[in-house]
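For reference, the structure discussed in these notes is given below.
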Amino acid sequence: MNPDSNPIWTLAWTFGLMSLFAVGGANAAIPEMHRIAVDVQHWMTDKQFADVFAISQLSPGPNVLIVTLIGYRVAGVAGALVATLAMCVPTVVLAYYVSRFLGQTSHSRWPAIIQTALVPLSLGLMGASALILALTSDRTWTAGLVTAFAAVLAFATRVNPLWLLLAGGCLGFAGVI
Amino acid sequence: MPPDSPPAAIPAPDLPTSIPPGLTALFVAFAKMSLAGFGGVLVFARRGIVDRHCWMTADQFNETYALCHFLPGPNIVNLSVVFGARFRGIPGAVAAFAGLLGPPVVIVTVLAALYAHFGEIDALRRILAGVSCAAVGLLITAVFRMMMPLIRRRDLVGLVFLAAVFSAIGLLRLPLQAVLLVAIPLSIGITFAMRRRAAA
């Protein structure tokens, strides 16, 4: 595909293709989003990618909305809509047909086998997401400490994640990070 | 097949299980779940569908979610479509999809516009940097929580695949498609072979 072509078109095929490979959901596709948005297409800087991730986590709604933010950055409101639909529509069409197919053929063991096979892959992808986001976000040792502290708190307690995000924001505002 | 009763305008909290949700009810219910869902909608989806509206039993919900989890793409978006289609066919799927994504997309687009205007302000940059540090911590925790079953089962094959994908994507920064086109058939093949050997 020609990278000089219409950016809307680039968004559509980039995220449309990505959605079919997003095993484990939107968070598993973050490394690929970063690779394309920062390294390949130069739509945004590393810092802007980290900002976009932060905004998507602060917003209500599914995690997939990070692509809405990337789309807006590339081509405004139209870009936001196209990126969101491209990331969602191919897989929901697939989900619709697979669920209908499985509704007819019960007792198949393939779904269980495929699920067992895919879980480690999606976890590997999410681990890679965490690593890449840590490399873009944690530029100082205090920032790394905030990440580690948030991880431990979230693991050990049942505190609402939103409070941890807001606490991070306050620390950032105070200039700790 | 669901009877063609007129859709309820507002989802009543005590909707009996026998009445399938109408299109408006689907849209409103998914919009509410989505807007309540900071950092993941799944918990709110389960609460709304199973506990509040009794549209599915917990087992049915888990089954549907498992299906949507092994399919690619955003799980909860897949769930909205499968769920909506089950009750109201394609119009139901569209209503649930639009409810789940419509309102938050508007909010996020407004935030994106604000960021485009004010993103260079130093205080905002510092705040977002702090938020993203904490969000990375949350992601790490989520990954560890989901890894625990693999570790507990001493699922060596699974852990090897996990490490291989992590290295290929996170360290070598290889393209997603290339990695998965190798990893998915390999992992399914090995899982299948091990099941057969265990069964034999």
Checklist outcome for this item: Counted residues in region B:29-45 being more than 9 Å from every other protein chain (Cβ to nearest Cβ) and open to solvent by less than 40 Å² (accessible area, probe 1.4 Å) come to 5
Checklist entry - Pairs under 7 Å by beta carbon, first residue at negative phi and among the basic types (Lys, Arg) in region A:106-122, partner assigned to a loop (DSSP other than H, G, I, E, B) and modelled with pLDDT under 85, six or more apart or different chains? => result none
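Yes or no, residue by residue, for (1) open to solvent by 30 Å² or more (accessible area, probe 1.4 Å); (2) touching a Phe, Trp or Tyr at 6+ places or on another chain (Cβ under 7 Å); (3) β-branched (Val, Ile, Thr); (4) assigned to a helix (DSSP H, G or I):
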site	(1), (2), (3), (4)
A:66	no, yes, yes, yes
A:76	no, no, no, yes
A:81	yes, no, no, yes
A:84	no, no, yes, yes
A:87	no, yes, no, yes
A:91	no, no, yes, yes
Checklist entry - Got a sec? Which of A:20, A:58, A:65, A:69 is modelled with pLDDT of 95 or more and either within 22 Å of residue B:180 (Cα to Cα) or of a type in the set (A, V, I, L, M, F, W, C) (or both)? => result A:69
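For every residue, the table says whether it meets (1) at pLDDT 95 or above; (2) open to solvent by less than 70 Å² (accessible area, probe 1.4 Å); (3) of a type in the set (A, V, I, L, M, F, W, C).
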position: B:126; (1), (2), (3): no, no, no
position: B:148; (1), (2), (3): no, yes, yes
position: B:174; (1), (2), (3): no, no, yes
position: B:184; (1), (2), (3): no, yes, yes
position: B:191; (1), (2), (3): no, yes, no
position: B:195; (1), (2), (3): no, no, no
position: B:200; (1), (2), (3): no, no, yes
Next on the checklist: Can you confirm whether residue A:124 is more than 7 Å from chain B (Cβ to nearest Cβ) and more than 16 Å from residue B:78 (Cβ to Cβ)?
Outcome noted: no
Checklist entry - Can you name the residue in region B:77-89 that is more than 7 Å from chain A (Cβ to nearest Cβ) and buried (at least 19 other Cβ atoms within 10 Å of the Cβ) and is also farthest from residue B:19 (Cα to Cα) among such residues? => result B:79
Checklist outcome for this item: Residues of region A:132-177 being surrounded by fewer than 16 Cβ atoms within 10 Å (Cβ to Cβ) and within 21 Å of residue B:74 (Cα to Cα), in sequence order, are A:162
Checklist entry - What number of residues within region B:106-122 satisfy the criterion of being over 15 Å from residue A:50 (Cα atoms) and of a type in the set (Phe, Trp, Tyr)? => result 1
Next on the checklist: Quick test of your reading of the structure: residue A:14 fulfils all but one of (1) touching a residue at least 40 places away in the same chain (Cβ under 8 Å); (2) open to solvent by 20 Å² or more (accessible area, probe 1.4 Å); (3) more than 29 Å from residue B:36 (Cβ to Cβ). Name the failing condition by number.
Outcome noted: (2)
Checklist entry - Which of the following residues is touching a residue at least 60 places away in the same chain (Cβ under 8 Å) and surrounded by fewer than 24 Cβ atoms within 10 Å (Cβ to Cβ): B:102, B:119? => result B:102
Next on the checklist: Please go through region B:129-158 and give me each residue that is over 17 Å from residue A:129 (Cα atoms) and more than 7 Å from chain A (Cβ to nearest Cβ), ordered by number.
Outcome noted: B:148, B:149, B:151, B:152, B:153, B:154, B:155, B:156, B:157
Checklist entry - Is there any pair with a first residue in region A:75-99 that is at the interface with chain B (Cβ under 7 Å from one of its Cβ atoms) and a second that is among the charged types (D, E, K, R) and crowded, with 19+ Cβ neighbours inside 10 Å whose Cβ atoms are under 9 Å apart and which are 6 or more apart or on different chains, and what are they? => result A:80/A:73; A:99/B:86
Checklist entry - Only one of A:57, A:48 is facing another protein chain (nearest Cβ under 7 Å) and out of contact with any strand residue (DSSP E or B) (no Cβ under 6 Å at 6 or more places or on another chain); which? => result A:57
Item to check | All positions within region B:55-76 that are open to solvent by less than 10 Å² (accessible area, probe 1.4 Å), within 20 Å of residue B:20 (Cα to Cα) and either facing chain A (nearest Cβ under 7 Å) or of a type in the set (Phe, Trp, Tyr) (or both) | outcome: B:61
Checklist entry - Does residue A:116 satisfy the condition of being at the interface with chain B (Cβ under 7 Å from one of its Cβ atoms), at pLDDT below 95 and either touching a Ser or Thr at 6+ places or on another chain (Cβ under 6 Å) or part of a loop (DSSP other than H, G, I, E, B) (or both)? => result yes
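The values are calculated or read from the model by the stated rules, or taken from the named source; none is laboratory data. Everything numeric in this text was worked out from a predicted model, so none of it was measured. No Cβ is skipped: glycine too gets one built from the backbone with ideal geometry, and neighbour counts run over all protein chains shown. Surface areas here come from the heavy atoms of the whole protein model, side chains and all, with no ligands, DNA or RNA. Shrake-Rupley method; radii C 1.70, N 1.55, O 1.52, S 1.80 Å.
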